[in-house]
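Step one of this worksheet: look at the structure below.
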């Protein structure tokens, strides 16, 4: 891995997840909500998955949501944090998504719920997930997208500009939804599908939001983050800007979480294949009941 691809401090991600583990159940509302949406998507697929793998299981919340839903017979859970893995029910191992200990194709399904946005090489992690899958196996994941916490990001940046004359990256970067399909294709998945949801949570003030992010283990871990303690005035200024710009009629502030869903299949000959260009047997003009025009002809008024 090159230095240019190293965005996050993975040791810090692990430490913050370890720290959050004992009280995580009090802050896991976002993970439970997205796990519920992933489970609904899995219900739409009429297939049995004898052996599945979850990347970044945290304390096993997805397994609890899946109980009695879907058709997974056995689920292997893994997490970067030993403290989180210890709290997961069922079979759980400590494993890094950037260096999975599973090499040969052996899983029928790979799942991931709000964990892969912390890996440095997301295409590489997806390639490893693909290699773990049996032919025609399914990958289904959710990551945080680029609009996540844009309100907090903008207010922290403006506060730092006002107080210090410059801005530091205090929140981690996230993938953009427009790039998600290309990531799946680059990783070798067939039939890729991506879409996104926006989940809005309201808070009394910015400090309650930052408290929740700490409890989730989701505070910034970019290598380019400031290494010194921020001035108290910075957060007071940011909180005031947040309230001034975004407070609603009930005097509460919104926090946006954009969730990008990734859906792809491990390639197999049994899957639908695109037809060879020029092999169509029906003209589009006939299907639309219209007259075909040549490339150099102008369309008429009708």
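Each reported figure results from applying straightforward, stated rules to the coordinates on display, with no laboratory input. Computed from a predicted structure; not experimentally measured. In this analysis, Cβ positions are derived from the backbone assuming ideal geometry, glycine residues included, and neighbour counts consider all displayed protein chains.
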Option label - P(r) over Cα pairs in 20 Å bins from 0, in percent computed here, alternatives [x] 32, 53, 13, 2; [y] 35, 58, 7; [z] 30, 49, 19, 2: [z]
Percent antiparallel among DSSP beta bridges confined to the chain, nearest 5, equals 50
Extended-chain gain in nm, criterion 0.36 nm per residue less alpha-carbon gap, residue 269 and residue 290: 3.9 nm
Most fluctuating residue given options 266, 71, 112, as computed from a GNM of the chain linking Cα atoms under 10 Å: 71
Any idea what angle helix 177-186 forms with the longest principal axis of the chain, computed on alpha-carbon atoms, 0 to 90 degrees, nearest 10? 60
For helix 206-216, what angle does its Cα long axis make with the longest principal axis of the chain, in degrees from 0 to 90 and rounded to 10? 70
Please figure out what share of the DSSP beta bridges in the stretch 89-205 is antiparallel and state it in percent, rounded to the nearest 5. 10
Separation in nanometres of the label points that stand 7 Å from Cα toward Cβ, at residue 211 and residue 44: 3.7
What's the angle, to the nearest 10 degrees (0 to 90), between helix 122-132's Cα axis and the longest principal axis of the chain? 60
Can you give the extra length, in nm with one decimal, that the chain gains between residue 32 and residue 243 once fully stretched, where that is 0.36 nm per residue apart less the Cα-Cα distance? 73.2 nm
Test of understanding: in a Gaussian network model of the chain with alpha carbons linked when under 10 Å, which of 287, 104, 239 would top the mean-square fluctuation ranking? 287
So residue 250 and residue 15, fully extended at 0.36 nm per residue minus their Cα-Cα distance, gain in nm 80.9 nm
Relative contact order for the chain, counting Cα pairs under 8 Å that sit 6 or more residues apart, in percent: 20
Using only Cα atoms, locate the centre of the stretch 21-85 and the centre of the stretch 100-145, then give the distance between them in Å, rounded to an integer. 14
